[in-house]
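K.L.:
Following this message is one structure expressed as C-alpha cells.
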Amino acid sequence: MKALEITDANFAAEVEQSNIPVLIDFWAVWCGPCKMIAPIIEELAGEYEGRVKIGKVDVDNNPDISMKFGIRSIPTLLIFKDGKKVDEIVGAVPKPQITAKLDSQLVTA
C-alpha cells in the first residue's frame with residue numbers, strides 16, 4: 001500500500017469526506033528532511049491500511065491546500081478526523097512519535 005497523492009483537486013473527496021482519520025504529509029522534492037521521513041510515511045500507509053488514510057501533498061504543485069492550512073515549514077504532518085484538522089506534527093520526527101498521534105485518534109474513534 002502506497003501513500004495516496006492528495007491534490008488541490010481531490011482534497012475534499014479524499015480528506016474532508018473520509019470516514020476514517022487521514023494523515024497528510026506536506027512535502028517537496030527539494031526538501032531534505034522530507035526525504036528522511038518519506039519511507040516512514042510509506043510504511044505507515046501499509047501498517048494502517050483500512051484504519052487510517054495516509055496521503056502526501058506536494059506543496060509546490062498544490063499551493064491552495066498548503067495556504068489553507070498555513071503550511072510554512074515542511075515536512076508538516078496534519079491529522080484529520082471527520083474532515084477537520086485535529087493534530088499537527090512539524091519537522092522530521094521519529095516514527096513512534098507519529099504512530100502515537102495516529103493511535104490516539106483511533107482510540108477515540
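K.L.:
Could you pull out the trypsin sites (Lys or Arg not before Pro) across segment 5-109 that fall in loop regions by DSSP (anything but H, G, I, E, B) with no more than 14 other Cβ atoms inside 10 Å?
P.N.:
51, 72
K.L.:
Past 20 Å, Cα to Cα: identify those pairs from 2/85; 35/81; 35/84; 68/101; 53/85, in the order given.
P.N.:
2/85; 35/81; 35/84; 68/101
K.L.:
Okay, moving on. For segment 37-79, build the charge dipole from Cβ charges (+1 Lys, Arg; -1 Asp, Glu) around the Cα centre, then report which of 71, 45, 57 sits farthest towards its positive end.
P.N.:
71
K.L.:
Hey, another quick one. Can you put 7, 76 in order of Cβ neighbours within 10 angstrom, beginning with the fewest?
P.N.:
7, 76
K.L.:
Under 19 Å from a label point 7 Å along Cα→Cβ of residue 90: give me every residue in segment 8-27 with its amide N that close.
P.N.:
Only 24-27 pass the distance filter.
K.L.:
Using a Förster distance of 30 angstrom, determine the FRET efficiency expected from the C-beta separation of residue 72 and residue 106, and round it to 0.05.
P.N.:
Plugging the Cβ-Cβ distance into 1/(1 + (r/R0)^6) gives 0.60.
K.L.:
Sticking with this structure for a sec: For the chain, what is the mean residue ellipticity at 222 nm derived from helices alone (per DSSP H run of n ≥ 4: -39500 (n - 2.57); sum divided by total residues; nearest 500 deg cm²/dmol)?
P.N.:
-10000 deg cm²/dmol
K.L.:
Over the chain, what relative contact order in percent results from Cα pairs under 8 Å that are six or more residues apart?
P.N.:
Relative contact order of the chain: 35 percent.
K.L.:
With +1 on the Cβ of every Lys and Arg and -1 on the Cβ of every Asp and Glu, and nothing else charged, how large is the dipole of the chain about its Cα centre, in debye rounded to the nearest 20?
P.N.:
It works out to roughly 240 debye.
K.L.:
At 7 Å along the Cα-to-beta-carbon direction for both residue 82 and residue 5, put a label point, then send me their distance in nm to one decimal.
P.N.:
Rounded to a tenth, the inter-label distance reads 3.3 nm.
Bear in mind these aren't lab numbers, they're just calculated from the coordinates by the rules spelled out. Since the model is a prediction, treat every value here as computed from it, not as a measurement. For neighbour counting, all protein chains shown are included, and Cβ atoms are generated from backbone atoms with ideal geometry for every residue, glycine included.
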